[in-house]
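Everything below concerns the one structure shown next.
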Amino acid sequence: MRGSPPVRYDLAAILLHWVIGLGIAVLIVLGLAMVHLPLAIGLKFQLYQLHKSIGITVLLAVLLRVLWRLTHQPPALPQDMPAAEKTAASASHFLLYGLMLAMPLTGWAMVTVSPYDIPTVLYGVMPWPDMPVLSTLVDKKPADAITTFLHHKLGYIFIALICLHAAAALRHHFFLRDGILRRMLPFGG
Amino acid sequence: MKFFAIAALAVLLLASPANAADWIIQPAQSQLGFSGTQTGAPFKGSFAKWTGQITYDPANPAAAHVKITVDTASAATGDTQRDGALPGADWFNATAFPQAVFEATGFVAKGGNNFVADGTLTIRGIAKKLSLPFTLTIAGKKATAIGQVILPRTDYGVGQGVWTTGDYVGLNVDVTFTLVATQSGD
């Protein structure tokens, strides 16, 4: 019983898209700043805590987004769009979903096996558990090295992919003028 | 015969007056606090659960005996994250070492109401000699001891692994106490 696809994303999808997008933008800035800038140790510590809090928040929003995607049909791509571009769009969206899950999960794993062993308290208020299984490892050093490597490298791949995603959206909007971006804008549908 | 012997012993025990040199700690008026620094910012905390036995006869300070037992899991600083970390394996390791103990025999009078208790402090199973200075004020049956000592936390293994340096959490912890006790018996 598959009806014809909708013209626009619905409000839930639009809201989740932009909340997650904003969250990820803040996470990238925080992540790069806290690791690379010569900050005072107190500020650095606070930025790490905020990065963890926003990261877990985004993870929860991403789970909702995945749930939405599994239960809804997204608007169709323009019929005159070349097949290769359609494939590229599907592939990059698939990768974006994968990284939206992989980034917070590797981050959560990193916190769990960190030699600092600092309890996660979201926004300084709500305790968040360590990741199951990993928290019971006797020797956390190898897992610490692996999760740190993954979180950092995937982060750079994610940044590149997000730039590609945004550039493609702008290309569709300003050069191809096919209304693809407008389907995800909260207003002006 | 056996019954009578036990009964007689029980009567004796119940009837024997409490030792006038025994003091009973009043938890509501007493406080065991600590303060330190985390990423340069000061914080304060206290232990909610601790008990102690004190024997002290003002006429004979050298015979005094004090034993304070602290429930290490009861440390609270008002910060969920810090309080979650404190009982952990890197810090007090409260599962393996649920209690910290200070025990001293003999108070050394230092003039006025100043005293020093030379004893042993045990945290995380590490026992070290500690000279604890305090002032002692006795009013009627109520004694108030106030003291302070700075403890290098790593002497007792508090802060393992990456925490053995003072980069994030200062190495010196300032411990303060106000101990109010009342004299038992008459």
Note to self: Which numbered condition in (1) crowded, with 20+ Cβ neighbours inside 10 Å; (2) on the phi > 0 side of the Ramachandran plot is the only one that B:Gly157 fails?
What the structure shows: (1)
Next item on the list: Determine if segment A:93-112 includes at least one residue that is within 27 Å of B:Thr164 (Cα to Cα), within 14 Å of chain B (Cβ to nearest Cβ) and among the aliphatic types (A, V, I, L, M).
Entry: yes
Next item on the list: Check off (1) of a type outside the set (A, V, I, L, M); (2) in contact (Cβ under 8 Å) with a residue 12 or more places away in the chain; (3) out of contact with any Lys or Arg (no Cβ under 8 Å at 6 or more places or on another chain); (4) within 14 Å of chain A (Cβ to nearest Cβ) for B:Thr77 and give me the number that stays unchecked.
Entry: (3)
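Take segment B:96-114 and flag every residue that is hydrophobic (A, V, I, L, M, F, W, C) and either touching a residue at least 60 places away in the same chain (Cβ under 8 Å) or surrounded by 13 or more Cβ atoms within 10 Å (Cβ to Cβ) (or both). Outline the logic, then answer.
To start, the set of residues in segment B:96-114 that are hydrophobic (A, V, I, L, M, F, W, C) comprises B:96-97, B:100-102, B:104, B:107-109.
Residues satisfying the conditions are B:Phe97, B:Ala100, B:Val101, B:Phe102, B:Ala104, B:Phe107, B:Val108, B:Ala109.
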Notebook entry, point to check: Which condition breaks for A:Val121 when tested against (1) within 21 Å of the chain's Cα centre (by Cα); (2) in a helix (DSSP H, G or I); (3) not small (Gly, Ala, Ser)?
Noted result: (2)
Next item on the list: Identify the single condition in (1) within 14 Å of chain B (Cβ to nearest Cβ); (2) in contact (Cβ under 8 Å) with a residue 60 or more places away in the chain; (3) crowded, with 17+ Cβ neighbours inside 10 Å that A:Gly124 does not satisfy, given that it satisfies every other one.
Entry: (3)
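Do the conditions hold for B:Ala89, that is, is it exposed (fewer than 15 other Cβ atoms within 10 Å of the Cβ), of a type in the set (A, V, I, L, M), away from chain A (no Cβ under 14 Å) and not in a helix (DSSP H, G or I)? Let's see the steps before the verdict.
Values: exposed (fewer than 15 other Cβ atoms within 10 Å of the Cβ): yes; of a type in the set (A, V, I, L, M): yes; away from chain A (no Cβ under 14 Å): no; not in a helix (DSSP H, G or I): yes.
No; evaluated as a whole, the condition is false for this residue.
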Note to self: So if I check each of B:Gly140, B:Gly125, B:Gly147, B:Gly166, which one is among the small types (Gly, Ala, Ser) and under 25 Å from A:Lys44 (Cα atoms)?
What the structure shows: B:Gly166
Check: Is it true that some residue in segment B:115-135 is in contact (Cβ under 8 Å) with a residue 12 or more places away in the chain, surrounded by fewer than 19 Cβ atoms within 10 Å (Cβ to Cβ) and within 14 Å of another protein chain (Cβ to nearest Cβ)?
Finding: no
Check: Are any of the residues in segment A:31-42 in a helix (DSSP H, G or I), crowded, with 17+ Cβ neighbours inside 10 Å and away from chain B (no Cβ under 14 Å)?
Finding: yes
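Would you point out which residue out of A:Thr87, A:Thr112 is under 30 Å from B:Trp91 (Cβ atoms) and in a helix (DSSP H, G or I)?
On the way: A:Thr87 fails: under 30 Å from B:Trp91 (Cβ atoms).
A:Thr112 is the lone residue from the list that is under 30 Å from B:Trp91 (Cβ atoms) and in a helix (DSSP H, G or I).
Only the coordinates and a few stated rules stand behind these numbers; no lab work does. Computed from a prediction, not measured in an experiment: that's the story for all the values here. All Cβ positions, glycine included, derive from the backbone under ideal geometry; neighbour counts span all protein chains shown.
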